[in-house]
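Visitor: After the C-alpha cells below, expect a handful of questions from me.
The values are calculated or read from the model by the stated rules, or taken from the named source; none is laboratory data. Worth saying up front: this structure is predicted, and the values here are computed from it rather than measured. Neighbour counts are summed over all protein chains in view; Cβ atoms, including those assigned to glycine, are modelled from backbone coordinates with ideal geometry.
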Amino acid sequence: MHDRYIAPVPFLPGIAVALLLSSSLISATGCSDSKDQGDPGPLIALFRCSGSCAAKTVNTEFSNPQKVTINGYAGHAMEPFVTRAGTGYLFFNSLNDGNDTSLYYAVWVDDVTFTSQGKINNVNGSPPHLDAVASMDTSNNFYYISTRNWPIEIRNVYTGTFAAGTVTPNPPLSLDGDFYISDPGGWIIMDCEISPDGNHLYFVNAHFSGGSVPDRSNIGIAEYSAPNTFNKAIGNETVMAAVNTNNCLEYAPCISDNGLELFFTRLDLCTAVSEILVAKRADASDPFGEPARIGAISGFVEAPSLTADGKTLYYHMNDGGVYTIYKVSRP
C-alpha cells in the first residue's frame with residue numbers, strides 16, 4: 001500500500017480474523033490470538049457477538065477432501081479459480097498480505113494436480129501491491145481485484161483479455177459501473193467473480209471503519225450494461241436476501257454454470273469460524289434460498305470455485321499455517 005492511503009491493507013479472503021477486545025473476551029468467545037488477527041474495534045466486536053449466523057442446514061452432496069499439488073510452485077496458494085472454457089487453467093494468488101500479492105496460473109494435469117506456469121503477465125504491480133482474486137468467462141474476458149490506485153480511484157476491479165498467460169491491454173482496464181460505493185477509504189470491492197457467459201458480475205462490497213478487517217461485507221450482482229461496464233441488477237437485494245447477513249461477512253462468491261447454485265464464504269468475526277456455503281434456486285431469475293454448509297469441508301476455509309460440470313469444488317484452507325488449495329467432489 002502507498003503511504004498516502006488512509007485505510008490499512010484491505011482484508012481479502014484468506015486473512016483469518018477475530019475480535020480483539022480484551023484477553024477476557026477473547027477467552028470467553030474462543031477468538032484467535034491478536035498477533036495474527038485484525039481488529040475491527042470494540043463496538044463492532046460487541047455487535048458481532050450478539051448472535052450466530054452459522055448455517056442451519058448441511059449440504060452432504062460433496063465428499064472426499066483432497067489436497068491439490070501445484071508442481072513448480074512453493075508458497076501460499078489462495079483464491080483458486082478453475083477456468084470454464086476447456087482450457088484447463090487454475091488461477092490463484094499468493095498470500096493476501098498486500099506486500100507482494102501476485103496472480104499466477106497453472107495448467108491441469110488431473111483433478112488434484114496442476115503445473116505452475118508462473119505469474120500472469122501484465123496484471124501484477126510492484127511491491128507493495130495486492131493483485132488477486134482472478135476469474136474469467138468463457139470468452140476469455142479476465143477480471144481481478146487490485147488496490148494499486150485505491151482509494152484515490154474507487155474502481156478497483158480490472159479487466160482484460162487472457163491468452164496463454166498474458167492479459168491485454170497493458171495495463172488492464174478498470175471496470176466501470178454503479179456497483180462501487182463512492183466513499184474513498186471506507187468501501188472497496190473486496191472480490192468478485194464473472195459468470196460463465198460474461199453477463200453477470202458477482203461482487204462484494206466491503207466497508208472498513210479503521211481496522212484491518214471490514215465491519216461489513218455483502219455479495220451483490222451486477223449486469224453487463226456496455227463494454228467494460230456493469231451496473232447493479234434490478235432486484236439485487238431481494239435475490240440475495242437469504243445470502244447476506246448483518247452479523248457476519250459474506251464474500252468470495254462462485255456461481256455455477258447454470259446460475260442455480262451460489263457458493264460463497266461466510267465468516268463469523270466473533271468466533272473466527274469460516275464456512276463454505278451453497279445457496280440454491282429453481283430458476284435463474286429467482287432469489288437464492290437459505291444457504292447450507294458444505295459438510296465435507298472443515299477448518300479455516302474460504303474462496304470456493306466450481307468446475308464447469310458442477311462436480312468438483314476447489315477452495316483454499318489454512319493448512320498448518322500455509323494456505324493450500326483443496327477440493328471436494330460429488331457424483
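Visitor: Being touching a strand residue (DSSP E or B) at 6+ places or on another chain (Cβ under 8 Å) and outside any strand (DSSP E or B) is the filter; apply it to the stretch 161-175 and report the residue that is farthest from PRO227 (Cα to Cα).
Guide: Per the criteria, the residue is GLY165.
Visitor: Which ones in the stretch 82-114 are part of a loop (DSSP other than H, G, I, E, B) and modelled with pLDDT of 95 or more? Spell out the reasoning first.
Guide: Initially, the stretch 82-114 is screened for residues part of a loop (DSSP other than H, G, I, E, B), giving 83-88, 94-99, 102, 111-112.
Across the stretch 82-114, the qualifying residues are THR83, SER94, LEU95, SER102, ASP111, VAL112.
Visitor: Scan the stretch 302-317 residue by residue and report those that are in contact (Cβ under 8 Å) with a residue 24 or more places away in the chain, buried (at least 19 other Cβ atoms within 10 Å of the Cβ) and out of contact with any Cys (no Cβ under 7 Å at 6 or more places or on another chain).
Guide: Within the stretch 302-317, GLU302, ALA303, LEU313, TYR314, TYR315, HIS316 qualify.
Visitor: Scan the stretch 194-225 for residues that are charged (D, E, K, R) and either assigned to a strand (DSSP E or B) or buried (at least 21 other Cβ atoms within 10 Å of the Cβ) (or both) and jot them down.
Guide: Our first condition is that a residue be charged (D, E, K, R); within the stretch 194-225, this holds for 197, 215-216, 223.
Residues satisfying the conditions are ARG216, GLU223.
Visitor: Still on this structure: So GLU153 ticks every box in (1) crowded, with 16+ Cβ neighbours inside 10 Å; (2) charged (D, E, K, R); (3) farther than 19 Å from ARG84 by Cβ but one. Which box is left unticked?
Guide: It fails just one condition, (1).
Visitor: For the stretch 260-285, give me each residue that is part of a loop (DSSP other than H, G, I, E, B) and either in contact (Cβ under 8 Å) with a residue 24 or more places away in the chain or not hydroxyl-bearing (Ser, Thr, Tyr) (or both). Steps first, answer last, please.
Guide: Here is the first cut: in the stretch 260-285, the ones part of a loop (DSSP other than H, G, I, E, B) are 260, 269-272, 281-285.
LEU260, LEU269, CYS270, THR271, ALA272, ARG281, ALA282, ASP283, ALA284 - these are the residues of the stretch 260-285 that are part of a loop (DSSP other than H, G, I, E, B) and either in contact (Cβ under 8 Å) with a residue 24 or more places away in the chain or not hydroxyl-bearing (Ser, Thr, Tyr) (or both).
Visitor: With the structure loaded, tell me whether ALA106 is touching a Phe, Trp or Tyr at 6+ places or on another chain (Cβ under 8 Å), closer than 18 Å to VAL157 by Cα and crowded, with 21+ Cβ neighbours inside 10 Å or whether it fails that test.
Guide: Values: touching a Phe, Trp or Tyr at 6+ places or on another chain (Cβ under 8 Å): yes; closer than 18 Å to VAL157 by Cα: no; crowded, with 21+ Cβ neighbours inside 10 Å: yes.
So ALA106 does not fit the description; no.
Visitor: All but one of (1) under 20 Å from ASN228 (Cβ atoms); (2) within 20 Å of the chain's Cα centre (by Cα); (3) not polar (S, T, N, Q) hold for ALA106, so report the exception by its number.
Guide: Against the list (1) under 20 Å from ASN228 (Cβ atoms); (2) within 20 Å of the chain's Cα centre (by Cα); (3) not polar (S, T, N, Q), ALA106 comes up short only on (1).
Visitor: Okay, next question. Could you list, ordered by first residue, the pairs with Cβ atoms under 6 Å in which the first is in the stretch 161-183 and closer than 15 Å to TRP150 by Cβ and the second is of a type in the set (Phe, Trp, Tyr) and buried (at least 17 other Cβ atoms within 10 Å of the Cβ), at least 6 apart or interchain?
Guide: PRO172/TYR158; SER174/TYR158; PHE179/PHE203; ILE181/TRP187
Visitor: Looking at (1) polar (S, T, N, Q); (2) surrounded by 21 or more Cβ atoms within 10 Å (Cβ to Cβ); (3) over 25 Å from PHE208 (Cα atoms), which one does THR168 not meet, given that it meets all the others?
Guide: (2)
Visitor: Another one. For the structure I just gave you, tell me whether ILE255 is of a type in the set (Val, Ile, Thr) and under 24 Å from TYR158 (Cβ atoms).
Guide: Details: of a type in the set (Val, Ile, Thr): yes; under 24 Å from TYR158 (Cβ atoms): yes.
So ILE255 fits the description; yes.
Visitor: Would you mind stating whether CYS254 is surrounded by 22 or more Cβ atoms within 10 Å (Cβ to Cβ) and part of a loop (DSSP other than H, G, I, E, B)?
Guide: Working: surrounded by 22 or more Cβ atoms within 10 Å (Cβ to Cβ): yes; part of a loop (DSSP other than H, G, I, E, B): no.
For CYS254, the condition - surrounded by 22 or more Cβ atoms within 10 Å (Cβ to Cβ) and part of a loop (DSSP other than H, G, I, E, B) - is not met.
Visitor: Looking only at the stretch 66-89, filter to residues that are under 15 Å from the mean Cα position of the chain (by Cα) and among the hydrophobic types (A, V, I, L, M, F, W, C); which one of those is nearest to HIS316 (Cα to Cα)? So that I can check it myself, show each step before the final result.
Guide: Start the filter on the stretch 66-89 by keeping residues that are under 15 Å from the mean Cα position of the chain (by Cα), which leaves 77-82.
Restricting the remaining residues to those that are among the hydrophobic types (A, V, I, L, M, F, W, C) gives 77-78, 81-82.
Values: ALA77: 7, MET78: 6, PHE81: 10, VAL82: 13 Å.
Within the stretch 66-89, the match that is nearest to HIS316 (Cα to Cα) is MET78.
Visitor: Whether any residue in the stretch 130-147 is over 25 Å from LEU262 (Cα atoms), under 19 Å from the mean Cα position of the chain (by Cα) and in a strand (DSSP E or B) is what I want to check.
Guide: Yes; the residues of the stretch 130-147 include at least one that is over 25 Å from LEU262 (Cα atoms), under 19 Å from the mean Cα position of the chain (by Cα) and in a strand (DSSP E or B).
Visitor: Here is a further query. PHE230 versus (1) surrounded by fewer than 19 Cβ atoms within 10 Å (Cβ to Cβ); (2) of a type outside the set (Gly, Ala, Ser); (3) touching a residue at least 40 places away in the same chain (Cβ under 8 Å): which is the lone unmet condition?
Guide: The number of the failed condition is (1).
Visitor: Confirm whether ILE294 is touching a Ser or Thr at 6+ places or on another chain (Cβ under 7 Å), surrounded by 15 or more Cβ atoms within 10 Å (Cβ to Cβ) and either charged (D, E, K, R) or within 17 Å of ALA242 (Cβ to Cβ) (or both).
Guide: Against the criterion (touching a Ser or Thr at 6+ places or on another chain (Cβ under 7 Å), surrounded by 15 or more Cβ atoms within 10 Å (Cβ to Cβ) and either charged (D, E, K, R) or within 17 Å of ALA242 (Cβ to Cβ) (or both)), ILE294 does not qualify.
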